[in-house]
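Data first, discussion second: the structure below is written as structure tokens.
The values are calculated or read from the model by the stated rules, or taken from the named source; none is laboratory data. Just so it is clear, the model here is predicted, and its values are computed rather than measured. All Cβ positions, even for glycine, are placed from backbone atoms using ideal geometry, and neighbour counts span all protein chains on display.
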Amino acid sequence: MSTLTVSSESLEGVGGEPTLEEALAGIWDGLCLHRLAECPVCGGEMQPEYGAHTLPIAGRCTACGTTLT
């Protein structure tokens, strides 16, 4: 019996597109910097939503209403 182990390094550069993890991390980076980010669903503007603290708790798209928490 053999086992195939796939590491994240072996998947880098597949298709030249960012992974889902990289895309979502980029959106959160923008929201945490209190900036608009591109909605992963429609490409509209996603803006940070705040709770009781200064860091965003979510992001909401102004075009399609998608929420990222």
**Request:** State which residue pairs qualify: first residue of a type in the set (A, V, I, L, M) and inside region 47-61, second residue assigned to a strand (DSSP E or B) and surrounded by 14 or more Cβ atoms within 10 Å (Cβ to Cβ) in any location, beta carbons under 8 Å apart, and separation of 6 or more residues or different chains.
**Result:** Ile57/Glu49; Ala58/Pro48; Ala58/Glu49; Ala58/Leu68
**Prompt:** When you look at Gly65, is it over 11 Å from the mean Cα position of the chain (by Cα), free of Cβ contacts under 8 Å to residues at least 12 places away in the same chain and at positive phi, yes or no?
**Reply:** yes
**Message:** I'm trying to understand the selection: among the residues of region 43-57, which are surrounded by fewer than 15 Cβ atoms within 10 Å (Cβ to Cβ), assigned to a strand (DSSP E or B) and of a type in the set (A, V, I, L, M, F, W, C)?
**Reply:** Ile57
**Asked** For region 21-38, which residues satisfy the criterion of being hydrophobic (A, V, I, L, M, F, W, C) and out of contact with any helix residue (DSSP H, G or I) (no Cβ under 8 Å at 6 or more places or on another chain)?
**Response** Ala23, Leu24, Ala25, Ile27, Trp28, Leu31, Cys32, Leu33
**Request:** Can you work out which of the residues in region 30-67 that are of a type in the set (Ser, Thr, Tyr) and farther than 18 Å from Leu20 by Cα is modelled with the lowest pLDDT?
**Result:** Thr54
